[in-house]
Each structure stands twice: as C-alpha cells, then as structure tokens.
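Trainee: I am attaching a structure below and will ask some questions about it afterwards.
The values are calculated or read from the model by the stated rules, or taken from the named source; none is laboratory data. Computed from a predicted model, the values in this text were never measured in an experiment. Using ideal geometry, Cβ is built from the backbone for each residue, glycine included, and neighbour counts are taken over all protein chains shown.
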C-alpha cells in the first residue's frame, strides 16, 4: 500500500498514512478534525551500484522483502489499535 503524508490545519500535525490509491483520509486521526489535506511528496528512488556478479533479481527480491516487512509492521499496528478499542 502506498504511504501518504497528511497535514491537519486544526492541530498543525503531519502524519503518514498507508492506504489505497483511491482512498483519502477525511479526518485527522489525532484531533478528529475535518481540516486535513494531503501534502505533495517527491518520490525518492535510492540508486545503488549494481555489481557485475550480482543477479538482476537480487535487487527485486530485496525490495520485496523490505516491503513485506513494512506491511507486516503495519498489520501488527492495525491489529493492536483494533484490540485497544
């Protein structure tokens, strides 16, 4: 899932939110205000020197593993927040 940056005008806080591309945050998760808007972000791609002896698929596998870890952390956070309520 993509990560988006939102700014709340009421509490002046910025927060990163994971959600689908067609979704939108309609209220601040911190103060419950409706005065939130998505901040534009510049996508940053980290370029690495590819060694000649490395297989091309190694970079893809590494990226998949990193994203799986991020997704698992987000799932745990959501599960914990649901169990708190």
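Trainee: Does residue 16 satisfy the condition of being under 20 Å from residue 78 (Cβ atoms), loosely packed, with under 11 Cβ neighbours inside 10 Å and modelled with pLDDT of 85 or more?
Mentor: yes
Trainee: Please find, within region 19-36, the residue that is farthest from residue 66 (Cα to Cα) out of those that are touching a residue at least 12 places away in the same chain (Cβ under 8 Å) and loosely packed, with under 12 Cβ neighbours inside 10 Å.
Mentor: Step by step, filter region 19-36, then rank; the result is 21.
Trainee: Same structure again: Assuming residue 36 fulfils every condition listed in (1) at pLDDT 90 or above; (2) more than 18 Å from residue 4 (Cα to Cα) apart from one, which condition is it?
Mentor: (2)
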